[in-house]
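Reading through the structure tokens given below for one structure.
The values are calculated or read from the model by the stated rules, or taken from the named source; none is laboratory data. Since this is a predicted model, take the numbers as computed values, not measurements. Here the Cβ positions follow ideal geometry from the backbone for every residue, glycine too, while neighbour counts run over all protein chains shown. Ligands, DNA and RNA are stripped out before the accessible areas are found, and what is left, the full protein with its side chains, is counted by its heavy atoms. Shrake-Rupley method; radii C 1.70, N 1.55, O 1.52, S 1.80 Å.
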Amino acid sequence: MMACLLEAPLRISVLSEVTATSRHYVDRLFDPDPQNVLQGVIDMKNAVIGNNKQKANLIVLGAVPRLLYLLQQSSSSLELRTECAVVLGSLAMGTENNIKSLVDCHIIPALLQGLLCSDLIFIEACLRCLRTVFISPVTPVQLLYTDPTVIPHLMSLLSRSQHTQEYITQIFAHCCKTPEHQTVLFNHGAIQNIAPLLISPSYKVRMQALKCFSVLAYENAQVSMTLVNVLVDGEQLSQVFVRMMQRDKPIEMQLTAAKCLTYMCRAGAIRTDDSCIVLKTLPCLVRMCSKERLLEERVEGAETLAYLMEPDIELQRIASVTDHLVSMLADYFKYPSSVSAITDIKRLDHDLKHAHELRQAAFKLYASLGSNDEDIRKKITETENMMDRIVSGLSESSIKVRLAAVRCLHSLSRSVQQLRTSFHDHAVWKPLMKLLQNAPDEVLVMASSTLCNLLLEFSPSKEPILESGVIELLCSLTQSDSPALRVNGIWALMNMAFQADQKVKVEIVKALGTEQLFRLLSDPDTNVLMKTLGLLRNLLSTRPHIDQIMSSHGKQIMQAVTLILEGEHSIEVKEQTLCILANIADGNTAKELIMTNDDMLQKIKYYMGHSNVKLQLAATFCISNLIWNEEDGEELMTHGSQERQDKLREMGFVDILHKLTQASDPNLCDRAKTAMQQYLA
């Protein structure tokens, strides 16, 4: 009991001691004499510099609303208003919590209002504070765009001084986060206003201007196409960027200039075979991957390079033989710290905490490098322990690393040779299946795409995967809201059904359920529909299988085929559907489902006379299979086939076939001749 009584007063007295000195500063802000207020603000400025504790105390004691009030009062002297902006700027330099408090007190509109004043020193103080507030991750960037008059006013202040140029471009570079932001800045003349700053005498201004262009050009064709034609002091902008990538320039500048050219190239404004890309940008980005560079530089270099060459096989080939890039990336897993940072203990600690970012960047770059070329994939998988690294990447705690590892795996899984060798040796399918259990959609899409490749018929992983209960998992993907996941689920099932045993096929039909199968056949997404038709075609591929599946599901399948042939579908969809019909016609008992369905026969007849050769070919296949009879392995005319031929002749199929033997397309002509011969046999 006694102890409790003692504790409470102690706590109060300690706190009051800490805040007593701070309170004295705040009290002076309310002094009736303006001169004392000014001196109080100046003393406060000196007290808070570099003192986070003091900053926090003053904020808690309510200094911010009073400082903002004084800043906005027209009766305050310019000197006082400027000193208030400086103190607020200093408070903003503290912790993220400080910034939150400042934003909550509506510091942004107050400072933006202050920019309407004509005094340059005051404007610079307001901009410096705004810059500090806006570059904090806790400040909503949208606050820059709420009032539509702000951006044009900031543009007009760019010409006032080097300081206004530095702060305003830094604000733009940080607050341009969406295509809408890019458009607003573009429409208010960002390009014309900022381009001249690239040759400013101040390095800071040049650097911030460069950063502006990188965020403006990213995935933006309008900006990129405009940038190509901009001249700075008579020189093309792309050449200014090339100069900024020279080896004697600071790394930050080289890297940002390389990003500008990369984004312009990806947006279609510069060709991928342009010398400024092949001879300048690509080698510059490869240099950034060296273990001499700092962690952040290596991460950004690798990610930008991956993005640059993602769609272009030539750039992938050039990069793969530049500076031993493939083995240089292996160091991303071994040496998180750059050679130059080994002596710096704080740096080492930082790099260990961020080593996962390096692994993510390396996986991304490997994925991009290996997305097309077989030799590069071989080079990657033969890099020391590469497959083990990918496998462990698949189960890392960081979701970004898992996603990048699975992207890398997907890229390598496009290779028949890798599927047969390294993928099998490392039982890659096990961690992949585990990853599919409860991952976010992004990861699921990549993982299921990779699984599709592992289920191709020549892949040795196909057997073990089948035994691991993958069918249920894939069937559940086909019910996803995401079209990409539905496609991958059905695609994997299609690959699985290709030349599969009857047991596997029955299992697929049972797990998927006919209801879901037919739901997929009316899916709004054409890719889903195509893959579902592919699955159906693979299920109906050998006579006993065709007859068995058609005997249990014939009615529904024929209904689905009718619906698709009557619907508004592409040539590819209809061709695939007619191929399924041709498979049904190849069954022994199944073909009766077509022969007894006059409506279906009329449809086949219609497509034999269609203007598209692919559809004519597929429809002629159907008829060929209906005429033909191979029961008991004997090519004999039986009662059944005689009846069928008579019926088809009556319906005018023979005349059509005869006409098609004169077709201009050689394949169609041959197909029709073969069918005619079967008739006469």
Next on the checklist: Rounded, prolate or oblate, given the Cα gyration tensor of the stretch 194-303, with a/c below 1.5 counting as rounded?
Outcome noted: oblate
Item to check | Whole-Å distance, taken between Cα centres, linking the stretch 520-534 and the stretch 292-369 | outcome: 40 Å
Item to check | the chain - mean residue ellipticity at 222 nm from DSSP helices (-39,500 (n - 2.57) per run, n ≥ 4, rounded to 500) | outcome: -21500 deg cm²/dmol
Checklist entry - What nm distance separates the two modelled labels at Gln236 and Asp441, each placed 7 Å from Cα along Cα→Cβ? => result 4.1 nm
Next on the checklist: Suppose accessible area is computed on protein heavy atoms with a 1.4 Å probe; arrange Ser449, Ser74 from highest to lowest.
Outcome noted: Ser74, Ser449
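Express in nm, to one decimal, how much length is gained between Phe186 and Asp349 on full extension, taking 0.36 nm for each residue of separation and deducting their alpha carbon distance.
Working it through step by step, the gained length comes to 54.6 nm.
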Checklist outcome for this item: Once Arg23 and Asn588 are pulled to full extension, the length gained, defined as 0.36 nm per residue separation minus their Cα-Cα distance, is 193.8 nm
Next on the checklist: Taking loop as defined by DSSP and a crowding limit of 13 other beta carbons within 10 Å, which chymotrypsin sites (Phe, Trp or Tyr not before Pro) in the stretch 438-501 fit?
Outcome noted: Phe458
Checklist entry - Where only protein heavy atoms count, and the probe is 1.4 Å, what is the accessible area per residue for the stretch 484-608 in Å²? => result 42 Å²
Item to check | Shape category assigned to the stretch 228-292 from the gyration tensor of Cα positions, a/c cut at 1.5 | outcome: oblate
Checklist entry - Within a Cβ distance under 10 Å of Leu578, other residues only, what is the Lys/Arg minus Asp/Glu net charge? => result +2
Checklist entry - Excluding Asn372 itself, what net charge comes from residues whose Cβ is under 15 Å from its Cβ, given Lys and Arg +1 and Asp and Glu -1? => result 0
Item to check | Part-to-part distance (alpha-carbon centres) for the stretch 228-242 and the stretch 384-439, which is given in Å | outcome: 43 Å
Next on the checklist: Rounded, prolate or oblate for the chain? Axes are the square roots of the Cα gyration tensor eigenvalues, ordered a ≥ b ≥ c, and the cut-off for rounded is a/c under 1.5.
Outcome noted: prolate
Checklist entry - Of all the accessible heavy-atom surface of the stretch 385-432, with the other protein chains kept in place and a 1.4 Å probe, what percent is carbon and sulfur? => result 47 percent
Checklist outcome for this item: The rounded separation in angstrom of the Cα centers of the stretch 42-78 and the stretch 106-136 is 15 Å
Checklist entry - Carbon and sulfur: what percent of the stretch 62-123's accessible surface (1.4 Å probe)? => result 54 percent
Checklist entry - Pairs Lys510/Lys647; Lys259/Lys378; Lys353/Lys434; Lys434/Lys574; Lys531/Lys603: which are spaced more than 32 Å apart, C-alpha to C-alpha? => result Lys510/Lys647; Lys434/Lys574
Checklist entry - What accessible area per residue comes out for the stretch 180-323, rounded to a whole number of Å², with a 1.4 Å probe? => result 41 Å²
Checklist outcome for this item: At R0 = 56 Å the Cβ-Cβ FRET efficiency linking Arg160 and Glu374, nearest 0.05, sits at 0.45
Checklist entry - How large is the charge dipole for the chain, taken about the Cα centre, if only the Cβ atoms of Lys, Arg (+1) and Asp, Glu (-1) carry charge, to the nearest 20 debye? => result 1380 debye
Item to check | Magnitude of the charge dipole, the stretch 294-432, Cβ model with Lys/Arg +1 and Asp/Glu -1, debye to 20 | outcome: 500 debye
Checklist entry - Distance in nm between label sites at Cys117 and Asp273, each 7 Å beyond Cα in the beta-carbon direction? => result 5.9 nm
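Less than 12 Å Cβ to Cβ from Gln239, Lys/Arg counted +1 and Asp/Glu -1: what total charge do the surrounding residues give?
Overall, the nearby charge balance is -1.
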Checklist entry - Length gain on complete extension for the stretch Tyr606 to Asp481, per 0.36 nm per residue less the alpha carbon to alpha carbon distance? => result 41.4 nm
Checklist entry - Using θ = phi - 60° and the Karplus form 6.51 cos²θ - 1.76 cosθ + 1.60, what ³J(HN,Hα) does each residue of the stretch 542-547 get, whole Hz, x for Gly and Pro? => result 10, 3, x, 5, 4, 5
Checklist entry - Separation between the Arg519 and Val504 pseudo-spin-labels, each 7 Å from Cα along Cα→Cβ, expressed in nm? => result 2.6 nm
Item to check | Within the stretch 243-312, trypsin sites (Lys or Arg not before Pro) in DSSP loop having at most 12 other beta-carbon neighbours inside 10 Å | outcome: Arg247, Arg271
Checklist outcome for this item: With the charge dipole of the chain built from beta-carbon charges (+1 for Lys and Arg, -1 for Asp and Glu) about the Cα centre, the Cα from Pro311, Val561, Val416 projecting farthest to the positive end belongs to Pro311
Checklist entry - Ignoring ligands, DNA and RNA, how do Ser200, Ser570 rank by accessible area with a 1.4 Å probe, largest first? => result Ser570, Ser200
Checklist entry - Which whole-Hz ³J(HN,Hα) couplings does the stretch 452-457 yield from phi under the Karplus relation 6.51 cos²θ - 1.76 cosθ + 1.60, θ = phi - 60°, glycine and proline marked x? => result 3, 5, 6, 9, 5, 5
Checklist entry - Round to a whole number: what % of the accessible area of the stretch 137-199 belongs to carbon and sulfur, probe 1.4 Å? => result 59 percent
